[in-house]
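Below: one structure, written as C-alpha coordinates.
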Amino acid sequence: MKPVRVKVCGITREEDAIRAAELGAAAVGFVLWEPSPRALSIAAAARLAAAVPAGVTRVGVFVDAAPAEVARAVREIGLDAVQLHGDEPVAEFSRVGARVIKAVTLETGRDVETAAALPASVTVLVDASDRVRRGGTGHRADWRLAAALSARREIWLAGGLTVENVADAVKQVRPVAVDVSSGVESSPGVKDAARLAAFLAAARTTSAEVS
(Lines give C-alpha, C1' and ligand atoms only; values in the text may rest on other atoms or scores of the structure.)
Protein backbone atom coordinates (compact mmCIF):
# COMPACT_ATOMS: atom_id res chain seq x y z
CA MET A 1 0.00 0.00 0.00
CA LYS A 2 1.35 3.42 -0.93
CA PRO A 3 1.72 5.88 1.94
CA VAL A 4 -1.73 7.24 2.69
CA ARG A 5 -2.08 10.95 2.02
CA VAL A 6 -3.65 13.27 4.56
CA LYS A 7 -5.94 16.23 3.93
CA VAL A 8 -6.52 18.61 6.82
CA CYS A 9 -9.85 20.31 6.26
CA GLY A 10 -11.63 23.24 7.87
CA ILE A 11 -8.48 25.37 8.00
CA THR A 12 -9.23 28.89 9.25
CA ARG A 13 -5.81 30.07 10.52
CA GLU A 14 -2.55 30.61 8.69
CA GLU A 15 -0.52 28.92 11.41
CA ASP A 16 -2.60 25.77 11.06
CA ALA A 17 -2.18 25.71 7.29
CA ILE A 18 1.58 26.07 7.59
CA ARG A 19 1.85 23.54 10.42
CA ALA A 20 -0.19 20.95 8.50
CA ALA A 21 2.12 21.35 5.52
CA GLU A 22 5.24 21.12 7.65
CA LEU A 23 3.95 17.91 9.23
CA GLY A 24 3.46 16.35 5.83
CA ALA A 25 -0.17 16.97 4.90
CA ALA A 26 -0.74 16.51 1.17
CA ALA A 27 -3.75 18.84 1.09
CA VAL A 28 -5.53 21.50 3.12
CA GLY A 29 -9.19 22.40 2.84
CA PHE A 30 -11.02 25.72 3.09
CA VAL A 31 -14.78 25.61 3.66
CA LEU A 32 -16.65 28.04 1.41
CA TRP A 33 -20.15 27.31 2.67
CA GLU A 34 -21.60 30.00 4.92
CA PRO A 35 -23.57 27.80 7.37
CA SER A 36 -20.40 25.97 8.45
CA PRO A 37 -18.70 27.04 11.71
CA ARG A 38 -15.45 26.85 9.70
CA ALA A 39 -16.69 29.00 6.82
CA LEU A 40 -14.34 31.46 5.13
CA SER A 41 -14.92 34.27 2.69
CA ILE A 42 -13.17 34.08 -0.66
CA ALA A 43 -10.82 36.86 0.44
CA ALA A 44 -9.91 35.07 3.68
CA ALA A 45 -9.39 31.77 1.87
CA ALA A 46 -7.17 33.49 -0.69
CA ARG A 47 -4.95 34.84 2.09
CA LEU A 48 -4.59 31.40 3.61
CA ALA A 49 -4.02 29.72 0.25
CA ALA A 50 -1.18 32.12 -0.46
CA ALA A 51 0.55 30.97 2.74
CA VAL A 52 0.37 27.27 1.83
CA PRO A 53 3.76 25.94 0.64
CA ALA A 54 4.15 24.77 -2.93
CA GLY A 55 3.26 21.13 -3.46
CA VAL A 56 0.37 21.10 -0.99
CA THR A 57 -3.03 20.82 -2.67
CA ARG A 58 -5.42 23.67 -1.85
CA VAL A 59 -9.01 22.46 -1.77
CA GLY A 60 -12.17 24.55 -1.64
CA VAL A 61 -15.21 22.88 -0.09
CA PHE A 62 -18.63 23.81 -1.52
CA VAL A 63 -22.22 22.75 -0.90
CA ASP A 64 -24.65 23.10 -3.83
CA ALA A 65 -22.85 26.15 -5.22
CA ALA A 66 -23.34 27.12 -8.87
CA PRO A 67 -20.53 26.12 -11.25
CA ALA A 68 -19.87 29.78 -12.10
CA GLU A 69 -19.48 30.59 -8.40
CA VAL A 70 -17.08 27.70 -7.94
CA ALA A 71 -15.05 28.71 -10.98
CA ARG A 72 -14.74 32.26 -9.65
CA ALA A 73 -13.51 30.94 -6.29
CA VAL A 74 -10.95 28.74 -8.06
CA ARG A 75 -9.53 31.77 -9.85
CA GLU A 76 -9.61 34.21 -6.94
CA ILE A 77 -8.30 31.85 -4.27
CA GLY A 78 -5.94 29.80 -6.40
CA LEU A 79 -7.54 26.44 -5.70
CA ASP A 80 -6.09 23.21 -7.03
CA ALA A 81 -9.23 21.18 -6.33
CA VAL A 82 -12.88 21.67 -5.47
CA GLN A 83 -14.74 19.37 -3.09
CA LEU A 84 -18.47 19.14 -3.80
CA HIS A 85 -20.36 18.27 -0.64
CA GLY A 86 -23.97 18.74 -1.69
CA ASP A 87 -26.35 17.20 -4.21
CA GLU A 88 -24.78 18.90 -7.21
CA PRO A 89 -24.21 16.78 -10.36
CA VAL A 90 -20.48 16.47 -10.98
CA ALA A 91 -20.85 16.76 -14.76
CA GLU A 92 -21.64 20.46 -14.40
CA PHE A 93 -18.25 21.15 -12.79
CA SER A 94 -15.90 19.73 -15.40
CA ARG A 95 -14.82 23.21 -16.53
CA VAL A 96 -14.29 25.04 -13.24
CA GLY A 97 -10.53 24.97 -13.70
CA ALA A 98 -9.65 22.56 -10.88
CA ARG A 99 -9.72 18.89 -10.01
CA VAL A 100 -13.13 17.70 -8.79
CA ILE A 101 -13.59 15.76 -5.55
CA LYS A 102 -17.12 14.47 -4.91
CA ALA A 103 -18.19 13.70 -1.34
CA VAL A 104 -20.53 10.72 -1.07
CA THR A 105 -22.31 8.99 1.77
CA LEU A 106 -22.71 5.24 1.80
CA GLU A 107 -25.74 3.73 3.51
CA THR A 108 -26.62 0.86 1.18
CA GLY A 109 -25.07 -1.32 -1.48
CA ARG A 110 -26.82 0.82 -4.06
CA ASP A 111 -24.88 3.84 -2.81
CA VAL A 112 -21.65 1.91 -3.40
CA GLU A 113 -22.74 1.15 -6.98
CA THR A 114 -23.61 4.80 -7.62
CA ALA A 115 -20.28 6.03 -6.26
CA ALA A 116 -18.34 3.40 -8.20
CA ALA A 117 -19.98 4.66 -11.41
CA LEU A 118 -18.77 8.25 -11.01
CA PRO A 119 -16.37 9.36 -13.79
CA ALA A 120 -12.79 8.19 -13.36
CA SER A 121 -11.66 11.82 -13.48
CA VAL A 122 -13.55 12.51 -10.24
CA THR A 123 -11.96 11.78 -6.88
CA VAL A 124 -14.46 10.09 -4.55
CA LEU A 125 -14.44 11.08 -0.89
CA VAL A 126 -16.53 8.96 1.49
CA ASP A 127 -17.97 10.92 4.41
CA ALA A 128 -20.55 10.36 7.13
CA SER A 129 -24.16 11.11 6.35
CA ASP A 130 -25.46 14.45 7.67
CA ARG A 131 -27.99 16.34 5.55
CA VAL A 132 -27.71 19.48 7.67
CA ARG A 133 -24.05 20.02 8.59
CA ARG A 134 -22.67 18.05 5.62
CA GLY A 135 -19.15 17.57 7.00
CA GLY A 136 -16.90 18.13 9.99
CA THR A 137 -19.47 16.53 12.26
CA GLY A 138 -17.26 14.00 14.02
CA HIS A 139 -19.61 11.21 12.91
CA ARG A 140 -18.02 8.12 11.41
CA ALA A 141 -18.62 6.90 7.89
CA ASP A 142 -19.62 3.28 7.27
CA TRP A 143 -16.20 1.63 6.96
CA ARG A 144 -17.64 -1.67 5.70
CA LEU A 145 -19.28 -0.01 2.71
CA ALA A 146 -16.28 2.28 2.24
CA ALA A 147 -14.03 -0.78 2.02
CA ALA A 148 -16.35 -2.30 -0.59
CA LEU A 149 -16.02 0.86 -2.67
CA SER A 150 -12.27 1.06 -2.09
CA ALA A 151 -11.90 -2.41 -3.57
CA ARG A 152 -13.37 -1.06 -6.81
CA ARG A 153 -11.76 2.37 -7.13
CA GLU A 154 -9.45 4.68 -5.21
CA ILE A 155 -11.18 6.68 -2.49
CA TRP A 156 -10.48 9.28 0.15
CA LEU A 157 -11.99 8.56 3.56
CA ALA A 158 -13.44 11.19 5.90
CA GLY A 159 -15.99 11.13 8.70
CA GLY A 160 -15.13 11.03 12.37
CA LEU A 161 -11.45 10.21 11.93
CA THR A 162 -9.26 10.81 14.99
CA VAL A 163 -5.82 10.01 16.32
CA GLU A 164 -7.38 7.04 18.08
CA ASN A 165 -9.11 5.42 15.09
CA VAL A 166 -7.23 6.45 11.93
CA ALA A 167 -4.97 3.39 12.09
CA ASP A 168 -7.97 1.03 12.11
CA ALA A 169 -9.60 3.06 9.34
CA VAL A 170 -6.57 2.74 7.08
CA LYS A 171 -6.26 -0.99 7.76
CA GLN A 172 -9.95 -1.73 7.17
CA VAL A 173 -10.77 0.59 4.29
CA ARG A 174 -7.39 1.00 2.56
CA PRO A 175 -8.07 4.49 1.21
CA VAL A 176 -5.47 6.40 -0.77
CA ALA A 177 -6.07 9.43 1.46
CA VAL A 178 -7.75 10.33 4.73
CA ASP A 179 -9.46 13.64 5.48
CA VAL A 180 -9.59 15.05 9.01
CA SER A 181 -11.18 18.17 10.47
CA SER A 182 -12.92 18.01 13.85
CA GLY A 183 -10.74 15.08 14.96
CA VAL A 184 -7.70 17.34 15.34
CA GLU A 185 -9.43 20.44 16.70
CA SER A 186 -9.61 22.20 20.05
CA SER A 187 -12.63 24.14 18.74
CA PRO A 188 -14.24 24.47 15.28
CA GLY A 189 -11.60 25.72 12.87
CA VAL A 190 -8.80 25.75 15.44
CA LYS A 191 -6.41 22.84 15.02
CA ASP A 192 -4.63 21.34 18.02
CA ALA A 193 -0.92 21.08 17.20
CA ALA A 194 -0.29 17.91 19.19
CA ARG A 195 -3.30 16.04 17.83
CA LEU A 196 -2.50 17.14 14.30
CA ALA A 197 1.06 15.82 14.57
CA ALA A 198 -0.12 12.56 16.13
CA PHE A 199 -2.78 12.06 13.45
CA LEU A 200 -0.35 12.46 10.58
CA ALA A 201 2.18 10.17 12.25
CA ALA A 202 -0.44 7.47 12.87
CA ALA A 203 -1.72 7.61 9.29
CA ARG A 204 1.76 7.33 7.80
CA THR A 205 2.93 4.58 10.14
CA THR A 206 -0.15 2.45 9.57
CA SER A 207 -0.04 2.68 5.78
CA ALA A 208 3.59 1.55 5.90
CA GLU A 209 2.62 -1.42 8.08
CA VAL A 210 -0.08 -2.68 5.72
CA SER A 211 1.98 -2.33 2.52
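The values are calculated or read from the model by the stated rules, or taken from the named source; none is laboratory data. Everything numeric in this text was worked out from a predicted model, so none of it was measured. Note that each Cβ is placed from the backbone with ideal geometry, even for glycine, and that neighbours are counted across all protein chains shown.
Okay, here's what the table says:
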item	result
Residue 16 surrounded by 17 or more Cβ atoms within 10 Å (Cβ to Cβ), modelled with pLDDT of 95 or more, touching a strand residue (DSSP E or B) at 6+ places or on another chain (Cβ under 6 Å) and over 21 Å from residue 182 (Cβ atoms)	no
Qualifying residue in region 84-102 (condition: within 18 Å of the chain's Cα centre (by Cα), over 24 Å from residue 26 (Cβ atoms) and crowded, with 17+ Cβ neighbours inside 10 Å)	yes
Any hit, region 191-210, residues being under 18 Å from the mean Cα position of the chain (by Cα), closer than 15 Å to residue 142 by Cα and in contact (Cβ under 8 Å) with a residue 24 or more places away in the chain	no
Pair list, Cβ < 6 Å and 6+ apart or interchain, from region 9-30 residues that are touching a residue at least 12 places away in the same chain (Cβ under 8 Å) and closer than 10 Å to residue 197 by Cα to residues that are in a helix (DSSP H, G or I) and not polar (S, T, N, Q)	23/197; 23/200; 24/200
Pairs with Cβ under 7 Å, 6+ apart, first in region 121-146 and of a type outside the set (Val, Ile, Thr), second modelled with pLDDT under 60	127/135; 128/137; 130/137
Those strands (runs of 3 or more DSSP E) lying entirely in region 1-69 with at least 1 residues closer than 28 Å to residue 174 by Cβ and polar (S, T, N, Q)	57-62
Total residues in region 180-211, condition assigned to a loop (DSSP other than H, G, I, E, B) and buried (at least 22 other Cβ atoms within 10 Å of the Cβ)	1
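Conditions (1) outside any helix (DSSP H, G or I); (2) in contact with a strand residue (DSSP E or B) (Cβ under 8 Å, 6 or more places away or on another chain); (3) hydrophobic (A, V, I, L, M, F, W, C), marked per residue:
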position: 101; (1), (2), (3): yes, yes, yes
position: 152; (1), (2), (3): yes, no, no
position: 156; (1), (2), (3): yes, yes, yes
position: 168; (1), (2), (3): no, no, no
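One line per residue, one yes/no per condition, for (1) of a type outside the set (A, V, I, L, M, F, W, C); (2) within 18 Å of residue 102 (Cβ to Cβ); (3) modelled with pLDDT of 95 or more; (4) in contact with a strand residue (DSSP E or B) (Cβ under 8 Å, 6 or more places away or on another chain):
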residue	(1), (2), (3), (4)
5	yes, yes, yes, yes
22	yes, no, yes, no
39	no, no, yes, yes
58	yes, yes, yes, yes
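Yes/no per residue for (1) crowded, with 24+ Cβ neighbours inside 10 Å; (2) modelled with pLDDT of 95 or more; (3) of a type in the set (Phe, Trp, Tyr); (4) over 15 Å from the mean Cα position of the chain (by Cα):
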residue	(1), (2), (3), (4)
132	no, no, no, yes
143	no, yes, yes, yes
147	no, yes, no, yes
157	yes, yes, no, no
178	yes, yes, no, no
